[in-house]
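The numbers here are math on the coordinates, done by the rules we state, and not lab data. Treat the numbers as computed from the prediction; the structure is a model and nothing was measured. We place every Cβ from the backbone using ideal geometry, glycine too, and count neighbours over all the protein chains shown.
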Amino acid sequence: MKKFQPFIFAIFLIIACTEQDQSLEAARMLYKNSPCQESGWDQRSIDECYIDTNLTQISECNVIRTKYIREWCYKKIAIVKNNTELCEEIKDQLTKDKCYGELARLRKDYSLCEKLKIEEYDDGLSINAPKSDCFIDIALLTKDRSVCEKMNDSYFEQRCLGLIASATKS
């Protein structure tokens, strides 16, 4: 039996690689035949159009040429599949944080808020605090005051507690 183990492993490896190649080839065909290609748009616009189609597999994202749009595609698939492991495929930290944040809200799971690395950023319009906002949103969704106490910022903790008190009055 031991003589056959390397042979069986080799067969398994060939099958797995073939399936992955077929999946990528199918994604390339979907991308190539997308109505977005017929638009005459620039590459970024084509990629933005493509992610608005019904994508369901990471391999479908891998054919997108514009890096940040490919990252948004990974986030979209992670949300559709409700899969935090797919958030790890994202290199851009802000997009990765948004992925975890959306899944935290979807699952009502504050522990996913702890995975957010960016405490604060300025988008040109306002200062955003995605990590604190994540905890506040989960606390409001679950009406659980203890979630507010998980934050490391006393200002946001007090804000969270005030919002919970207001939400539970009615």
### Query
With Rg and the Kirkwood Rh both taken from Cα atoms, where does Rg over Rh land for the stretch 58-135?
0.98
### Query
By how many nm would the segment from Leu125 to Thr56 lengthen if fully extended, with 0.36 nm per residue of separation less the alpha-carbon distance?
21.6 nm
#### Entry: Built amide H within the under 5 Å cut-off of Asn128, gap 5+
Tyr121, Asp122, Asp123
## Note on the structure
Computed ³J(HN,Hα) along the stretch 51-68: with the Karplus parameters 6.51/-1.76/1.60, θ = phi - 60°, integer Hz and x for glycine or proline, the list is 6, 7, 7, 7, 7, 9, 10, 4, 4, 5, 6, 5, 8, 6, 8, 7, 4, 5
#### Entry: the stretch 44-93, relative contact order [Cα under 8 Å, separation at least 6], %
32
### Query
Between Asn83 and Ala167, what length comes free when the chain is fully extended (0.36 nm per residue of separation minus the Cα-Cα distance, one decimal in nm)?
27.3 nm
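Evaluate the relative contact order of the stretch 49-170 (contact order divided by residue number), counting alpha-carbon pairs under 8 angstrom at least 6 apart; express in whole percent.
For the stretch 49-170, the relative contact order is 14 percent.
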## Note on the structure
Per DSSP, the loop-located trypsin sites (Lys or Arg not before Pro) within the stretch 116-170 having at most 10 other beta carbons within 10 Å are Lys143
### Message
Here is the link list: Lys98/Lys150; Lys76/Lys131; Lys117/Lys169; Lys115/Lys169. Which ones come out longer than 23 Å on Cα distance?
### Response
Lys117/Lys169; Lys115/Lys169
